[in-house]
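The values are calculated or read from the model by the stated rules, or taken from the named source; none is laboratory data. From a predicted model like this one, the values you see are computed outputs, not experimental measurements. Cβ atoms come from the backbone with ideal geometry, glycine included; neighbour counts cover every protein chain shown.
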Amino acid sequence: MLHYLWLLLPVAALSGWLAARARYRGRRATERKEPRSPFLSSRYIRGLNYLLNEQQDKAIEVFIEMVEVDSETVETHIVLGNLFRRRGEVDRAIRIHQNLIARPNLSLDQRRQALLELGKDYMRAGLLDRAESVFHELVEDGIRQEEPYRLLREIYEQEKEWQRAIEVCRQQQKIGDRDLSLLMAHYHCELGEQELAQGALASAMEHARTARGLCAACVRGLLLLAEVVRARGDSGRSMKLLRTAAVEHPDMLPVLLPPIIEGFQRENDPAALEDWLRSLLEARPRPSVMLALINLLEQQGRRQEARALVEEGLEQGRMSAEVMRRYAGLLAEEYSRDDTSPIPVLSTALARLEETRPAVQCRQCGFQATKLSWQCPGCHGWDTMRPLDEWQNLKESESHEP
Ligand SMILES: [Zn+2]
């Protein structure tokens, strides 16, 4: 299937070119009052047939012959170069596209197209600095095509050149109406986190604020702001920001809870933490909140209450592998004197079940992981991963009539 996918691209390009070429040749033949030569067309169709039959080598042979016969054809060179690149013969692709660019009589569009393809060749060959300078030239030129902007951003993302990536977003916004604020907010967060790690708090604060201004709904900016505020010594305001984030972004609770719990612990106020967790569990009944409450109760030796909490949840149909493992742990303690207790076996089984469940998943491509990344390793989308923090709801038992 994949084979077909890549085949479709050159085929589409070729058939488009073929149609344009036929029109052009037809027009030229009429102008010169010459009969249209069937030679190239039949050769072309032969090449296309080879491509469709997955005979790439023969297709390439045909196109090479065509290039030799009609060396002026820019489009054939571009298609042939692309074919080589897709087949992994990047050196040949680079040579073909470089030769094209060296021609003095190219139109502006042809030169830009050849440059774009050359940049893609360099990227494929791993020559990122060369690809960067090619895409940079196109972007500086104000090319009205999104691809070079996107590819240049990809390079800067790989190189963690966030400031440059922001600059590319700004330039891209001049040529189209695509909203890139979420992307720019994440780039500012990357910069802010770097500054925070180096203790440059004023600059970190500026990036956090810019990120918040660009994307108010972006939880990462809020998290960064809370961290910077805390680093500046204002724990109270930091906690306030985090608690607001917990209410506004319940899907991020597994990420937000640890720093909030730490905050309460710093203030040495377990009673306030318990109140807050209980009211959060009521408003946002999620496994992560119940687990945090179980932890707190266990730390205080209130195992019976922790057990009751789980049992109450079970009555409401709320179950998750992790909560059940903790429940088995609470029971194991109680029956520890009983050598025949099956609970340790159950605990082990539940722990294994829990391990098979990923902790986070990308909402865009479905990529699963154990740890949250702001950029999905699968589809490279930003802010698309979310913790899996839902109950595996129990189905209500149906009563069957005899
Ligand atoms: Zn993804």
Those residues of region 326-385 that are within 16 Å of the ligand (Cβ to nearest atom) and among the polar types (S, T, N, Q) come to a total of 7
Within region 227-254, residues among the hydrophobic types (A, V, I, L, M, F, W, C) and within 25 Å of residue 312 (Cα to Cα) come out as 246, 247, 252, 253
Report yes if residue 395 is in a loop (DSSP other than H, G, I, E, B), modelled with pLDDT under 95, under 18 Å from residue 252 (Cβ atoms) and not assigned by TED's automatic domain parsing to the domain that holds residue 290, otherwise no. no
Of those in region 46-102 that are surrounded by 18 or more Cβ atoms within 10 Å (Cβ to Cβ) and of a type in the set (Gly, Ala, Ser), the residue modelled with the lowest pLDDT is 47
For region 326-348, the count of residues that are surrounded by fewer than 19 Cβ atoms within 10 Å (Cβ to Cβ), basic (Lys, Arg) and modelled with pLDDT of 80 or more equals 0
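Table: residues versus (1) at pLDDT 95 or above; (2) surrounded by fewer than 17 Cβ atoms within 10 Å (Cβ to Cβ).
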| site | (1), (2) |
| --- | --- |
| 195 | yes, no |
| 207 | yes, no |
| 212 | yes, no |
| 223 | yes, no |
| 226 | yes, no |
| 231 | yes, yes |
| 252 | yes, no |
| 269 | no, yes |
Of 283, 321, 308, the only residue that is hydrophobic (A, V, I, L, M, F, W, C), loosely packed, with under 14 Cβ neighbours inside 10 Å and over 25 Å from residue 217 (Cα atoms) is 308
Is it the case that region 301-313 has a residue that's modelled with pLDDT of 90 or more and within 16 Å of the ligand (Cβ to nearest atom)?
-> no
When (1) without any contact (Cβ under 8 Å) to a residue 24 or more places away in the chain; (2) surrounded by fewer than 16 Cβ atoms within 10 Å (Cβ to Cβ) are applied to residue 392, the one that fails is (1)
Here, helices (runs of 4 or more DSSP H) confined to region 99-206 with at least 2 residues that are within 17 Å of the chain's Cα centre (by Cα) are 146-158, 162-175, 181-197
